[in-house]
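J.: Mind having a look at this structure? Questions to follow.
Bear in mind that the values in this text are calculations on the coordinates, not laboratory data. None of these values were measured; they are calculated from a predicted model. All Cβ positions, even for glycine, are placed from backbone atoms using ideal geometry, and neighbour counts span all protein chains on display.
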Amino acid sequence: MTTATTGIGLKRLQHLVLWVSNVERSVRFYRDILGFEVKTQSPRAAFLRIPGSPDDHHLGLFEHTGVPGPHEGVARMYHSAWEVGDITDLVRARGRLMEAGALVGSSNHGVSLSLYAKDPDGLEFEIFWTVPGGTSIGTRELDLEGELARRGITT
């Protein structure tokens, strides 16, 4: 019997590098809103990581002045996704994203609860929490307060 192998052994996304129109503005957003820490920064580049991680960086930002904003009719990245460890982290993320005017949507996928937001250059990203023992239900509207109540969590 022959066993077919698929893929190349990928395990996770180690880092993402983005062209941005203003590195300092993007650093403030990813640091102050999402909680990344700055590993290194120069006038036109920055490397950020998730606090407490042994990895060198998770997000690279390179300034490219004159970069046009995202356009739906052009092939481009749709979004990146960052996982949080607890549902209360998702609540905190929602508050910060709303306060920054960056939150653009949310979804309940059964296996995960997700928030969608855009950075200062209009690049979309997802902040999600993996539901322990969750089952895929497609995409539904997220009722975060209802999810908290179901788990007996008050904020």
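J.: Whose amide H sits under 5 Å from the amide H of TRP82, counting only residues 5 or more places off or on another chain, with H placed in the peptide plane?
T.: GLU126, ILE127, PHE128
J.: Ok, one more. Taking the Cα-to-Cβ direction at ARG150 and at GLU99 and moving 7 Å from each Cα, how far apart do the two end points lie in nm?
T.: 2.8
J.: Which FRET efficiency, nearest 0.05, do THR40 and PHE62 yield, Cβ-Cβ r, R0 22 Å?
T.: Details: r = 13 Å, r/R0 = 0.57.
After rounding, the FRET efficiency stands at 0.95.
J.: Oh, and also: Counting only residues 5 or more places away or on other chains, whose amide H sits under 5 Å from the amide H of ALA45 once H atoms are built in the peptide plane?
T.: GLU63
J.: If one puts a single equal scatterer on every Cα of the stretch 85-155 and applies the Debye formula without solvent, what log₁₀ I(q)/I(0) results at q = 0.19, 0.21, 0.25 Å⁻¹?
T.: -0.74, -0.89, -1.18
J.: Here's a follow-up. When Rg is the radius of gyration of the Cα atoms in the chain and Rh is its Kirkwood radius, what does Rg/Rh come to? Intermediate values should be presented prior to the final figure.
T.: On the way: Rg = 17.4 Å, Rh = 17.2 Å.
With Rg and the Kirkwood Rh in hand, the quotient comes to 1.01.
J.: For the stretch 104-119, in order, what is each residue's ³J(HN,Hα) by Karplus, 6.51 cos²θ - 1.76 cosθ + 1.60 with θ = phi - 60°, in whole Hz (x at glycine and Pro)?
T.: Going residue by residue, I get 10, x, 7, 8, 10, 9, x, 8, 8, 10, 10, 10, 10, 8, 10, 7 Hz, with x marking Gly and Pro.
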